[in-house]
Amino acid sequence: MPSPAEMHAELLALLQPASQEHVLRYWPELPAEQQRSLYAQVMQDIVPTLPQDDAPLKHLNRVYAASNQLFIDSKTKGPDRDLIQPPTASEVTFQDNTGSDATAAQRQMLGFKAIREKKGAVVILAGGAGTRLGQSYPKGMLVCPLLKQQKSLFQLNCEKIRRAEVVAGADAGVIQLCFMTSEQTDADTREFFKANNNFGLLDSQLTFTVQSSLPCFKETEDKNLGKIILADKHRIAMAPGGNAGIYEALSS
């Protein structure tokens, strides 16, 4: 571990180009353990998730500026602003092996064929806890009281995947299932699956990946430059990066 002076110099070299050196404002008064904690958070938890260039923390400024602009646009342009919309059913076409548009039955057969060829996968965004529902555990563990079969959301999804394998005439375990959890839900989710024998699925078809987090920013007079928020004198406030983090998770 570098000395306190070396840690400070290294952090300053990263923070200053991004105009975020205020993160070190309490450094002189921090005990050695907290200095090491802040250093480790920046160097191990934040920097490795950013573009590896000469000023990686500037990427956070660009993310803030782009997000802030979207927020400004949403207020000025109103509901008629241009938005990305999902394709309609009529805009999505599937073709059979002759190049002709496939019928509904043919599309189903193409799907079954893809499953048998191990080309099927399911992604579940499982980073949320049921706090708004009065629970402290992952929402996927919740059981809806109105369901005839009292099963968790995790179990229902796993059973649907196994059923799809059976109907497709495929071997067990051919559909890959990826969960994007969060730091808050990861341990509980993994333990829940272990305790329930993966609800009939194989270990080899399950992947758990933790959603990345980003530092929290507060708004300033400069709409293009927010300031990183400190949760404590030695700790940067972090928040989940959002559902789009699944792309980063799948590429790792």
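Derivation of every value follows stated rules applied to the coordinates shown; laboratory data play no part. Only a predicted model underlies this, so the values are computations on that prediction, with no experimental measurement involved.
Whose amide H sits under 5 Å from the amide H of residue 129, counting only residues 5 or more places off or on another chain, with H placed in the peptide plane?
139
Plugging the Kirkwood radius over Cα pairs into Stokes-Einstein for the chain, at a temperature of 37 °C and a viscosity of 0.692 mPa s, what D comes out in µm²/s?
148
Relative to the first principal axis of the alpha-carbon coordinates of the chain, what is the inclination of helix 186-195, with its axis defined by its Cα atoms, in degrees from 0 to 90 and to the nearest 10?
That works out to roughly 30 degrees.
Angle, helix 104-116 long axis vs. longest principal axis of the chain, Cα atoms, 0 to 90°, nearest 10?
60
Can you return the lysines within cross-link range of residue 139? Criterion is Cα-Cα under 21 Å, with same-chain partners fewer than 8 residues away left out.
148, 151, 160, 194
Amide H of residue 213 versus every other amide H placed in the peptide plane: which residues, excluding those fewer than 5 positions away on the same chain, fall under 5 Å?
Close amide H contacts, sequence-distant or interchain: 241.
Could you work out the helix-only [θ] at 222 nm for the chain, with each DSSP H run of four or more residues adding -39,500 (n - 2.57) and the total divided by the number of residues, to the nearest 500 deg cm²/dmol?
Result for the chain, helices only: -10500 deg cm²/dmol.
If you fit an axis through the alpha-carbon atoms of helix 153-167 and take the longest principal axis of the Cα set of the chain, what angle between them do you get, 0 to 90°, nearest 10?
That works out to roughly 40 degrees.
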